[in-house]
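The values are calculated or read from the model by the stated rules, or taken from the named source; none is laboratory data. If you're wondering where the values come from, they're calculated on a predicted model, not measured in any experiment. All Cβ positions, even for glycine, are placed from backbone atoms using ideal geometry, and neighbour counts span all protein chains on display. What goes into the accessible areas is simple: the full protein's heavy atoms, side chains included, and nothing from ligands, DNA or RNA. Shrake-Rupley method; radii C 1.70, N 1.55, O 1.52, S 1.80 Å.
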Amino acid sequence: MRIALAGLATSHPYTDASTLREHCELAVWEPDPARLQRFRDEHPQVDVLPDLTSLLATRPDGVMLTVPTPQVPAALRHVLDLRVPCFVNKPAAATADQLAELDDVVAAAPELVFSSSVLRFAPAFTRLRADLDAAEPPLAARVTVRHDARFWAAGNNPWQDDPEAGGGMLVLLGVHGVELLVALFGPDVRLVGAVTARRHYRSLRSEDTALLTLAWEGGPVGIVEVLASGSGEAYEVAVHGPATTATVTLEGGDDPRHALGYRGAVEAFLAMVAGQPSPVPWPQTQAILKVLTAARATA
């Protein structure tokens, strides 16, 4: 099996490559020399191609696409022309215009597209989800995303901090919370409201604090809190029932690839490459992106 890493625009493919190399051969393309050199230092045996066309000409069995969000639709179109499964690193769209363009591309082969926060595959979350299936109907849920924005406040990856390009912290970090709630309650979700603030990192273009409220027709209500100041990274999920509250905290620990779902997401993608259906059907991803892009516009 041969997997193509199309772009290294975020940190995820550096982590994913370690898991992928346990199962298959890799080839990579990345236009930024510094990012590519970092990858080559970590994975010197991986084939390097000069551009996306050359990478796809190697006829990979699957593609992991990680380019700046505004470039996703054009790059994905080239991948789907080959009729091979593609994992699009999150978030696949950050504005309503980007999502409309992406929907047009995905419509040609939605069964070949998989995009998700890796947290959906975190073992502690999958156990919580399984336990809730047999539990009492939930009333409400809250996900608190704690991820320090120091990296972006220092000026790194400025396109991610741009609300019109990468969506800012609301989209970049909020996707984790919305993803987990949609994984629990399904895609029939709508945004009720969103508010943001810049309380600590004044150099950000976007925000370091955000609150999203969500609702499901005839179902529970949900809250996503984005707290992007302060050290550490953790994701707290609380699901409230009439009599009990089920909680879980997702943290990296000694093996973040396993605990935060990186390994599970890669294995789910490889199963898709081997012929299984997409582990996250496009309507779910579309619902998540609709909430996030609506929140971005509202905030």
For the range 59-182, the per residue accessible area (1.4 Å probe, Å²) is 36
Pairwise centroid distance, computed over Cα atoms, of the range 143-214 with the range 1-51, Å:
27
Could you tell me whether the range 1-116 comes out rounded, prolate or oblate from its Cα gyration tensor? Rule is a ≥ b ≥ c as square roots of the eigenvalues, rounded for a/c under 1.5, then prolate if a/b exceeds b/c, otherwise oblate.
prolate
Gaussian network model of the chain, springs between alpha carbon atoms under 10 Å - residue of 278, 11, 206 with greatest fluctuation
11
Run lengths n ≥ 4 of DSSP H only: what is the helix-derived mean residue ellipticity at 222 nm for the chain, with -39500 (n - 2.57) per run over all residues, to the nearest 500?
-11000 deg cm²/dmol
Out of (i) 23.0; (ii) 19.3; (iii) 14.7, which label holds the value of mean projected area of the Cα convex hull in nm² that was computed here?
(iii)
Give me the one-decimal nm value for the distance between modelled label points at residue 126 and residue 25, 7 Å along each residue's Cα-to-Cβ direction.
2.9
Spin-label model distance (nm) - residue 199 vs residue 18, 7 Å beyond Cα toward Cβ
3.2
Under 1.5 on a/c is rounded, so check that first for the range 1-55, then, if it is not, pick prolate when a/b is larger than b/c and oblate when it is not; a ≥ b ≥ c are the square roots of the alpha carbon gyration tensor eigenvalues.
oblate
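Could you grab the relative contact order for the range 199-297? Cα pairs under 8 Å, six or more apart, rounded to a whole percent.
Once divided by the residue count of the range 199-297, the mean separation gives 13 percent.
Using a Förster distance of 35 Å, how high is the FRET efficiency between residue 136 and residue 258, based on the Cβ-Cβ distance and rounded to 0.05?
Efficiency for this residue pair is about 0.70.
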Percent accessible area from carbon and sulfur atoms, the chain, protein chains only, probe 1.4 Å:
50
For the pair residue 274 and residue 247, what calculated FRET efficiency results from E = 1/(1 + (r/R0)^6), where r is the Cβ-Cβ distance and R0 = 30 Å, to the nearest 0.05?
0.30
Expected unfolding gain across residue 51-residue 103 under the 0.36 nm per residue rule, minus the alpha-carbon gap, is 16.3 nm
Residue-normalised value, i.e. accessible area per residue, for the range 239-298 at 1.4 Å probe, in Å², stands at 45
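If you average the sequence gap of Cα pairs under 8 Å that are 6 or more apart and divide by the length of the range 86-216, what percent do you get for the contact order?
24
Set the Förster distance to 22 Å, then compute FRET efficiency between residue 238 and residue 192 from the Cβ-Cβ distance, nearest 0.05. The partial results should precede the final answer.
On the way: r = 18 Å, r/R0 = 0.83.
So the FRET efficiency works out to roughly 0.75.
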